[in-house]
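**Student:** Before we start, here is the structure in question, set down as structure tokens.
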Amino acid sequence: MRIPLIAGNWKMFKTKTEAAAFAEEFKALYRGTDVQAAICAPFTDLELLVESFRGTGIGVGAQNVHFEDEGAYTGEISVKMLEEIGVDFCIVGHSERRQYFAETDETVNLKIKKLLSGSIRPIMCVGESLEQRDSGVLFDFVKSQLEGGLKGISPEDMKRIVVAYEPIWAIGTSRTAAPEQAEEMCAFIRQTLIEMYGEEVADEVVIQYGGSVKPANATEIMNQDEIDGALVGGASLKAPDFMQIIDF
Ligand code: PGA
């Protein structure tokens with residue numbers, strides 16, 4: 001049984017003071033559901049959120065990590081640093097990081113492996129651009145991201161990875177993928193995982209959709225068979241909106 005994961009991705013929003021205010025408001029609204037809820041926040045908010053959500057069942061995630069244990073990597077954060085804070089998840093390979101910070105399938109792969117050597121579950125993002133969709137290479141492209149990002153990862157470890165399908169053209173644009181488009185690609189991702197890992201493993205992998213998910217469209221997205229959750233950007237910044245999405 002896959003437990004759906006609905007995770008907020010705050011990106012570069014919310015100071016520590018703002019995060020604390022969100023946490024109080026969200027905890028007051030939050031009722032446990034069948035869905036695992038989590039907030040992926042800037043590094044500076046993580047410790048506060050872990051403390052604030054302790055005992056509530058609400059998870060906390062980072063949005064990036066470095067793949068080396070430690071070293072002379074100015075500005076970077078290690079897996080061990082996140083683990084000591086008590087972080088549950090870490091987004092890897094978001095399209096914004098691929099676009100602006102030179103993230104590649106190779107670094108995605110190294111980061112996932114380093115996370116899996118410890119306790120934090122990776123949320124691996126894949127997804128095509130509008131040009132790739134329009135020119136019909138969308139499936140080949142997503143398949144290449146999966147093959148590159150998951151190279152050398154064992155079947156047992158694969159079960160701990162969350163795959164987030166985020167078509168780039170639907171992120172922050174109000175242009176949500178139609179539920180059938182999202183379902184089609186999530187089904188393709190599951191099929192690719194079956195080819196790579198077999199049915200038993202692929203069946204356990206949580207596959208999220210992300211891209212302009214909001215209270216108004218959460219139900220139809222979550223009702224798709226192959227979609228096990230959502231990665232929510234803009235709409236996760238307001239506690240009532242995010243709660244409505246979890247309550248879809
Ligand atoms: P959005 O962002 O919900 O604001 O479109 C989603 C994401 O980038 O994870």
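**Student:** Just the C-alpha atoms of the stretch 82-227: what Rg/Rh do they give, with Rh taken as the Kirkwood radius? Don't skip to the end; give the middle numbers.
**Tutor:** Values: Rg = 14.7 Å, Rh = 15.5 Å.
Using only Cα positions, Rg/Rh for the stretch 82-227 is 0.95.
**Student:** Okay, next question. Given Lys16/Lys151; Lys80/Lys151; Lys11/Lys114; Lys16/Lys214, which pairs have Cα atoms separated by over 29 Å? Write out the running numbers ahead of the final one.
**Tutor:** Values: Lys16/Lys151 36 Å; Lys80/Lys151 23 Å; Lys11/Lys114 22 Å; Lys16/Lys214 24 Å.
Distance filter (> 29 Å) returns Lys16/Lys151.
**Student:** Give the order of Asp203, Asp45 when sorted by the count of other beta carbons within 10 angstrom, beginning with the fewest.
**Tutor:** The order, fewest Cβ neighbours first, is Asp203, Asp45.
**Student:** Would you compute the Debye intensity of the stretch 4-67 from its alpha-carbon atoms alone, equal scatterers and no solvent, and pass along log10 I(q)/I(0) at q = 0.15, 0.17, 0.21, 0.29 Å⁻¹ to two decimals?
**Tutor:** -0.42, -0.54, -0.82, -1.43
**Student:** Further, regarding this structure: With only alpha-carbon atoms in the gyration tensor, what are the semi-axes of the equivalent ellipsoid for the stretch 44-154, in Å, largest first?
**Tutor:** Those come to 27, 16, 13 Å.
**Student:** Sticking with this one: Using a Förster distance of 22 Å, how high is the FRET efficiency between Glu220 and Ser129, based on the Cβ-Cβ distance and rounded to 0.05?
**Tutor:** 0.35
**Student:** Need one number: convex hull volume per residue for the stretch 39-87, Cα atoms only, in Å³.
**Tutor:** 66
**Student:** Moving to a separate point now. For Val142, Val201, Val92, what ranking results if the residue with the fewest other Cβ atoms within 10 Å of its Cβ goes first?
**Tutor:** Starting with the residue having the fewest Cβ neighbours, the order is Val201, Val142, Val92.
**Student:** P(r) of the stretch 180-235 in 10 Å steps, Cα pairs, percent per bin?
**Tutor:** Bin by bin from 0 Å, the calculated values are 25, 50, 21, 4.
**Student:** Beyond 23 Å, how much of the Cα-Cα pair distribution for the chain remains, as a whole percent? If you can, show how the numbers build up before the last one.
**Tutor:** Working: 13987 of 30628 pairs.
Counting every Cα pair in the chain, those more than 23 Å apart make up 46 percent.
**Student:** Hey, fewest Cβ within 10 Å first, where do Ser174, Ser78, Ser95, Ser144 land in order? Could the numbers behind the result be given before it?
**Tutor:** Working: Ser174 9, Ser78 18, Ser95 21, Ser144 13.
The order, fewest Cβ neighbours first, is Ser174, Ser144, Ser78, Ser95.
**Student:** Would you kindly state how much longer the chain becomes between Ser119 and Asp140 on full extension, computed as 0.36 nm times their sequence separation minus their alpha carbon distance, in nm to one decimal?
**Tutor:** 4.4 nm
**Student:** Rounded to two decimals, what is Rg over Rh for the stretch 57-112 when you use alpha-carbon atoms and the Kirkwood radius? The partial results should precede the final answer.
**Tutor:** On the way: Rg = 11.6 Å, Rh = 11.9 Å.
Value, to two decimals: 0.97.
Values in this text are rule-based calculations from the coordinates and carry no lab data. Just so it is clear, the structure is predicted and the values come from calculations on it, not from any experiment. We place every Cβ from the backbone using ideal geometry, glycine too, and count neighbours over all the protein chains shown.
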